[in-house]
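Remarks on the structure that follows.
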Amino acid sequence: MNDLLLRTLRGQDTERRPLWIMRQAGRYLPEYRALRERFSFEELCARPDLAAEVTLMPINRFPLDAAIVFADIMSPISALGINVEFAPGPVINKPLRSKAAVQALSIPTQDEIAPTVLETVRLVKKELSGRVPVLGFTGGPWTLAAYLVQGRGVRDFPALRALAIDKPRVLTELLERLTALSSSYLKGQVESGVDAVQIFETWSGVLSVSDWSLLVKPHLENLLENVGQLGVPCILFMQNATHLLAEMTTLSADGFSVDWRVDMAELRQSLGPQKILQGNLDPAILLAGPESTSRAARRLLQDIPPVGHIVNLGHGILPQTPMESVEALIGVVHSEVQECSRTSASAGEEV
Ligand code: CP3
């Protein structure tokens, strides 16, 4: 198997940096858009055969180093007895804002949580037959709560922040339930065959350092502790959270995925060589075309040494991204190894 990603997450040397792309199984792919003409997003998620097909689309087109299972962060939420619609982001018709609403949530068993996603994982594992590792994922408790409390993705999630201030105990109970949900869901994914997992805590950045440390960090710590027992490495992603980096990187994740606002050289410098970092090209750079993408990718590779670095974007790839930009990014990452081996080959000739 191409185990560049897994070896990097274990802190081992690799012949080159691994590369995968957040939201790689999505709307920038013409073959995905073609399938979406025939099926809604919900239909794709509900059919493991189709979800597996979408998971493999980017792997069949590009030499990426991991497949991420096609699902949504809200996929496990229906197991709480909550109906989620997509327009195009997640929409909850009756947002949760009271103690009674939180206590009315179902407490599902592991088997009841997103069984179609687990079936998708099993199909993907079989079809890949070891070509690349499969990444599972879940939403972080705060990011899942963001949609449940706010009702939909809204800039800075004011209703969520209001609940955090006004009814911190209600929020805490919700975060505890979501942590339990994500823990069981990831356990199911690992039992179905995923090789590593990522926690998308996308909206953590809307809180101050002190509120995040008090209200959210303990739940993430619990989730990471539970994942730690599963025997697969875990990457933690946070977005627009530069102010939380010092706190974030004390958590027990194996890898830390940061967005494009973060200076990677500075972060590597301040954390030392041991921590595994993932990121962080600005997804918008890919819209500017292959030359701009290559330049930015080369700069990124110069900014931090290869060991302990997983190349990725700083957030999900944008729907308008040209295929040529993805190819350019891959070309830069792959050419690094050729340069390394040329250097060692010519060094060998001199001996
Ligand atoms: O890499 C992959 O594409 C794997 C599948 C994946 C989806 N959503 C499929 C999807 C993953 C990893 C996600 C995570 C996700 N979903 C996050 C965390 C990462 C991030 O981007 O911050 C969040 C916040 C969501 C919530 C969500 N779901 C939004 C905001 C949207 C709409 C707009 C968008 O970004 O695409 C969705 C719908 C969704 N999830 C689509 C896909 C492919 C689009 C559905 C479509 O119209 O075809």
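The values are calculated or read from the model by the stated rules, or taken from the named source; none is laboratory data. Treat the numbers as computed from the prediction; the structure is a model and nothing was measured. Note that we place each Cβ from the backbone using ideal geometry, even for glycine, and neighbour counts take in every protein chain shown. Just so you know, the surface numbers come from the protein's heavy atoms only, side chains and all, with ligands and any DNA or RNA stripped out. Shrake-Rupley method; radii C 1.70, N 1.55, O 1.52, S 1.80 Å.
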_Positive minus negative residues near Lys217 (Lys, Arg vs Asp, Glu; Cβ under 12 Å)_ = -4
*Average accessible surface area per residue within the chain, 1.4 Å rolling probe, Å²*: 43 Å²
*Once both axes come from the Cα atoms, what is the angle between helix 290-303 and the longest principal axis of the chain, in degrees from 0 to 90, rounded to 10?*
90 degrees
*Kindly write out, for segment 42-52 in residue order, the coupling ³J(HN,Hα) from the Karplus curve 6.51 cos²θ - 1.76 cosθ + 1.60 (θ = phi - 60°), rounded to whole Hz, with x marking Gly and Pro.*
4, 5, 4, 5, 7, 10, x, 5, 6, 4, 5
*When DSSP assigns beta bridges and you keep just the ones with both residues in the chain, what percent turn out antiparallel, to the nearest 5?*
15 percent
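So what is the orientation-averaged projected area of segment 1-107, using the convex hull of its C-alpha atoms, in nm²? Show your work: numbers first, answer last.
On the way: hull surface 38.1 nm².
Value for segment 1-107: 9.5 nm².
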*Glu176 versus Gln320: modelled label distance in nm, points set 7 Å from Cα along the beta carbon direction*: 4.6 nm
*Computed FRET value (nearest 0.05) for Ala46 with Val154, which takes r as the C-beta separation and R₀ as 30 Å*: 0.70
*In segment 73-170, which trypsin sites (Lys or Arg not before Pro) fall in coil by DSSP and have 10 or fewer other Cβ atoms within 10 Å?*
Arg155
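Counting Lys +1, Arg +1, Asp -1, Glu -1, what net charge surrounds Gln12 among other residues with beta carbon under 15 Å of its beta carbon? If you can, show how the numbers build up before the last one.
Details: positive: Arg7, Arg10, Arg16, Arg17, Lys275; negative: Asp3, Asp13, Glu15, Asp65, Asp195, Asp254.
Net of charged neighbours comes to -1.
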_I'd like the orientation of helix 217-228 relative to the chain: the angle between its Cα long axis and the longest Cα principal axis, in ° from 0 to 90, rounded to 10._
60 degrees
_Between segment 131-202 and segment 65-117, the alpha-carbon center distance in angstrom_ = 9 Å
_Accessible surface of Leu281 - all protein chains present, 1.4 Å probe, nearest 10 Å²_ = 10 Å²
*Ile107 versus Ser210: modelled label distance in nm, points set 7 Å from Cα along the beta carbon direction*: 3.4 nm
*Taking all protein chains as present, what is the carbon and sulfur share of the accessible area of segment 4-350, in % to the nearest whole number, probe 1.4 Å?*
50 percent
*On a 0 to 90 degree scale, rounded to 10, what angle separates helix 141-150 from the longest Cα axis of the chain?*
50 degrees
_Amide N of segment 6-28 lying under 16 Å from the label point, which is placed 7 angstrom from the Cα of Glu119 along Cα→Cβ_ = none
_Burial ranking of peptide ranges 203-210, 309-316, 100-107, 256-263 (average Cβ count within 10 Å, highest at the top)_ = 309-316, 256-263, 203-210, 100-107
